[in-house]
1. Can you run down the residue pairs with Cβ atoms below 8 Å, 6 or more apart or on separate chains, where the first is in region 52-70 and within 21 Å of residue 13 (Cβ to Cβ) and the partner is modelled with pLDDT of 90 or more and in a helix (DSSP H, G or I)?
2. Do we find that residue 8 is touching a helix residue (DSSP H, G or I) at 6+ places or on another chain (Cβ under 6 Å) and in contact (Cβ under 8 Å) with a residue 24 or more places away in the chain in this structure?
3. Just for region 20-35: of the residues that are touching a helix residue (DSSP H, G or I) at 6+ places or on another chain (Cβ under 9 Å) and in a helix (DSSP H, G or I), which one is surrounded by the most Cβ atoms within 10 Å (Cβ to Cβ)?
4. Specify the residue that is modelled with the lowest pLDDT; the eligible residues are those in region 36-82 that are outside any helix (DSSP H, G or I), exposed (fewer than 12 other Cβ atoms within 10 Å of the Cβ) and touching a helix residue (DSSP H, G or I) at 6+ places or on another chain (Cβ under 9 Å).
5. What about residue 6, is it at pLDDT below 95, loosely packed, with under 12 Cβ neighbours inside 10 Å and at positive phi?
């Protein structure tokens with residue numbers, strides 16, 4: 001499972017860097033390496049998108065949804081005796 005999450009994180013980073021390059025310099029690294037509208041480029045985009053979805057669901061599963069971090073910390077802390 002650690003390998004799977006490592007791949008997911010790597011693909012998210014690749015996607016983020018590619019979008020950063022597109023936004024800053026109008027340069028698409030994925031299309032440059034694999035070709036415009038090639039099956040390989042499309043596969044990379046699909047895998048990056050799936051990785052983003054997996055990351056969203058992993059975040060929900062690990063942290064219980066969209067609670068602020070202070071609520072998460074107190075919700076997971078055992079109750080103290082008074």
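The values are calculated or read from the model by the stated rules, or taken from the named source; none is laboratory data. The shown structure was predicted, so the numbers you read here are calculated from the model rather than taken from an experiment. Glycine gets a Cβ as well: all are built from the backbone with ideal geometry, and neighbour counts include every protein chain shown.
1. 52/12; 52/15; 54/8; 55/8; 55/9; 55/12; 58/8
2. Details: touching a helix residue (DSSP H, G or I) at 6+ places or on another chain (Cβ under 6 Å): yes; in contact (Cβ under 8 Å) with a residue 24 or more places away in the chain: yes.
It is true that residue 8 is touching a helix residue (DSSP H, G or I) at 6+ places or on another chain (Cβ under 6 Å) and in contact (Cβ under 8 Å) with a residue 24 or more places away in the chain.
3. First pass over region 20-35, keeping only residues touching a helix residue (DSSP H, G or I) at 6+ places or on another chain (Cβ under 9 Å): 21-22, 27-31, 33-35.
Add one more test, that the residue is in a helix (DSSP H, G or I), and what stays is 21-22, 29-31, 33-34.
On the way: 21: 15, 22: 14, 29: 16, 30: 23, 31: 17, 33: 12, 34: 17.
The extreme case among them is 30.
4. Restricting attention to region 36-82, the residues satisfying the condition of being outside any helix (DSSP H, G or I) are 36-38, 64-68, 77-82.
Okay, now just the ones that are also exposed (fewer than 12 other Cβ atoms within 10 Å of the Cβ), so 36-37, 65-66, 68, 77-82.
Restricting the remaining residues to those that are touching a helix residue (DSSP H, G or I) at 6+ places or on another chain (Cβ under 9 Å) gives 37, 65-66.
Numbers: 37: 91, 65: 66, 66: 62.
In this case the residue turns out to be 66.
5. Working: at pLDDT below 95: yes; loosely packed, with under 12 Cβ neighbours inside 10 Å: yes; at positive phi: no.
No: the conditions fail for residue 6.
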